[in-house]
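Report on one structure; see the data block that follows.
The values are calculated or read from the model by the stated rules, or taken from the named source; none is laboratory data. Given the structure is predicted, the values throughout are model-derived calculations rather than measurements. With ideal geometry, Cβ positions are generated from the backbone for all residues, glycine too; neighbour counts draw on all protein chains shown.
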There are 2 protein chains.
Amino acid sequence: MDLPARVVVQEVGPRDGLQNEPVTVETADKLALVRTLAEAGLSRIEATSFVSPHWIPQLADAGDVASRLPHLSGVEYGALVPNARGLARALAHPAVGTVAVFVSASETHNRRNLNRSVAETLRRYEDVVPAARRAGRRVRGYISTVWGCPWEGDVDLKRALDIARELRRQGVDELSLGDTVGVGTPRQTDRICAEFLKNFPAKVLALHLHDTRGTALANALVGLQAGIGIFDASVGGMGGCPYAPGAAGNLATEDLVYMLHGMGIDTGIDLGRLVEAGRLASRLVGRELPGRYLRAALAGASAGPP
Amino acid sequence: MDLPARVVVQEVGPRDGLQNEPVTVETADKLALVRTLAEAGLSRIEATSFVSPHWIPQLADAGDVASRLPHLSGVEYGALVPNARGLARALAHPAVGTVAVFVSASETHNRRNLNRSVAETLRRYEDVVPAARRAGRRVRGYISTVWGCPWEGDVDLKRALDIARELRRQGVDELSLGDTVGVGTPRQTDRICAEFLKNFPAKVLALHLHDTRGTALANALVGLQAGIGIFDASVGGMGGCPYAPGAAGNLATEDLVYMLHGMGIDTGIDLGRLVEAGRLASRLVGRELPGRYLRAALAGASAGPP
């Protein structure tokens, strides 16, 4: 099995996780979670989103979070920015080293999510992306629904590739390819990775997998085998699927890290401390989180045998 | 990706699932579940276990279940037999086409599970296996803790291979290799499959994966790629881990089938009807089952997009 020696785990729980939880967590608690994640060794943490509080009330304290992020060396914080206004808010906070723009590969999902067309969304990023880079920020570009759309079904891979090329042309540093609704299966993931790797260097590609139908970790394995070295994940699998309330959300960080470490792949993360972050996340959102490894660890199973 | 065109799914929920659930399900309800699974297209259903009711009270009605199994063409029922006495009980029921013996690759786990050594366990099967075959039954041999033992930790693969050879010598038709405590990761699974496939034809090998740490489906994918064509699974992921109450149990049948179908692999199973079996199983054990696909389906997500 041909696998990378090291993988970068991009923690998205405080943003993608919390924005899909029904409860609103206190700012101080969010910051405690971010700190616990950083202390577990997560070197990239997406902390919040500068979208309108009208759309995502759970992250209405984005400015507060960003201004109070713990200063820890080797940790890079990120925040979503949907437009120039969001970027301006993000740039007020030196701690936000990465800003992320987002667009869907499916027209319908993009309109429902952003209230505008894909073309118009990309046009607006023509101002946002270069401005972010001029301000010294790294820019991530999320492409959603690459594996499928809850409204359109199959999504033409060419659309995702065209969007990716446009984002790269604008200056996006890293593309995060999203199986937003968790419909992906391994053969499809293999095809998607192969096409993207034909068009872009591996180091600018990340996979953002959801576990709605249980396939996230199997898809991550396929991505690893294809040569992908950056994976998004959410502590405890926090979050959910807006299209199926009660279903699992993001790939759980602990499950991903357990698999990676079990294959001898370095992540820089301490799995035991990550479980503590999961315990805290579970307490903050007031429910048992779906991550398998976290549940086993909290139930008393050791990391592995004995 | 080199994958088989067809895979056999061995449903073990009514046995391995129910024996690890704290509640005892009524015999009639078990039979309704078995029927629903069969009607969903499961062609192999492990229905019960002829162990002492003292050890597994949940399956104390083994004889009743076996005598009332629905007559459905193309469905093969199985039952566990720990010894000659269990076999005698099983053979009283013509519907039980397959009997399964079980032994651990780890000495400590075997002693805790069967109260005797591995050698003594295998010695006792010298009577059981040929007698079952003379009675026209197919014989499965479960080898537990191949990926690791909750007490001993790592387990020498040579032990599992030796046990497998002995079981085959006795006449066992099919070997089911168990990651009993769900510690396996893909590189390890690849090595285990490679070693077994060097020593045995693929058609006699099955994988029995637990999802305690979230890796079951990724391990199944590795098994498929290695050439394994039979996978054990439990409806809804019913069951659990006796060493970590609250943790996930067997690989969920729906998650496995969703992945297989998504890769164009035929199983003969109707996923929509399988969800109905999962809904019933969940009602019978009185809890939300951990299977991801089942949860998403019950939460209103469609099978795939749209």
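So here's what we get for this one:
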{"item": "Listing of helices (runs of 4 or more DSSP H) fully contained in the range A:208-294 that carry 2 or more residues being within 22 Å of B:LEU221 (Cβ to Cβ)", "result": "A:216-226, A:253-262"}
{"item": "Test: residue in the range A:40-62 that is surrounded by fewer than 20 Cβ atoms within 10 Å (Cβ to Cβ), closer than 25 Å to A:ILE230 by Cα and out of contact with any Lys or Arg (no Cβ under 6 Å at 6 or more places or on another chain)", "result": "yes"}
{"item": "Tally of residues being surrounded by fewer than 24 Cβ atoms within 10 Å (Cβ to Cβ), within 11 Å of another protein chain (Cβ to nearest Cβ) and in contact with a Lys or Arg (Cβ under 9 Å, 6 or more places away or on another chain) across the range A:204-254", "result": "2"}
{"item": "Condition broken by B:VAL139, with the remaining ones in (1) within 13 Å of chain A (Cβ to nearest Cβ); (2) buried (at least 21 other Cβ atoms within 10 Å of the Cβ) satisfied", "result": "(1)"}
{"item": "Selected residue (only one of A:LEU80, A:LEU87 is surrounded by 16 or more Cβ atoms within 10 Å (Cβ to Cβ), in contact (Cβ under 8 Å) with a residue 60 or more places away in the chain, out of contact with any Pro (no Cβ under 7 Å at 6 or more places or on another chain) and not basic (Lys, Arg))", "result": "A:LEU80"}
{"item": "Entirely in the range B:1-102, the helices (runs of 4 or more DSSP H) that have 2 or more residues that are on the phi > 0 side of the Ramachandran plot", "result": "none"}
{"item": "Failed item in (1) modelled with pLDDT of 95 or more; (2) within 13 Å of chain A (Cβ to nearest Cβ); (3) under 20 Å from the mean Cα position of the chain (by Cα), with B:MET263 passing the rest", "result": "(3)"}
{"item": "One residue from A:ARG44, A:ARG85 being among the basic types (Lys, Arg) and under 19 Å from A:SER176 (Cα atoms)", "result": "A:ARG44"}
{"item": "Qualifying residue in the range A:233-250 (condition: under 25 Å from A:GLN58 (Cα atoms) and among the β-branched types (Val, Ile, Thr))", "result": "yes"}
{"item": "Answer from B:GLN10, B:GLN19 - the residue that is touching a residue at least 24 places away in the same chain (Cβ under 8 Å), under 30 Å from A:ASP190 (Cα atoms) and among the polar types (S, T, N, Q)", "result": "B:GLN10"}
{"item": "Condition met for A:ALA132 (assigned to a helix (DSSP H, G or I), touching a Lys or Arg at 6+ places or on another chain (Cβ under 9 Å), in contact (Cβ under 8 Å) with a residue 40 or more places away in the chain and hydrophobic (A, V, I, L, M, F, W, C))", "result": "yes"}
{"item": "Any hit, the range A:187-196, residues being within 12 Å of another protein chain (Cβ to nearest Cβ), modelled with pLDDT of 95 or more, within 28 Å of A:GLU254 (Cα to Cα) and crowded, with 24+ Cβ neighbours inside 10 Å", "result": "yes"}
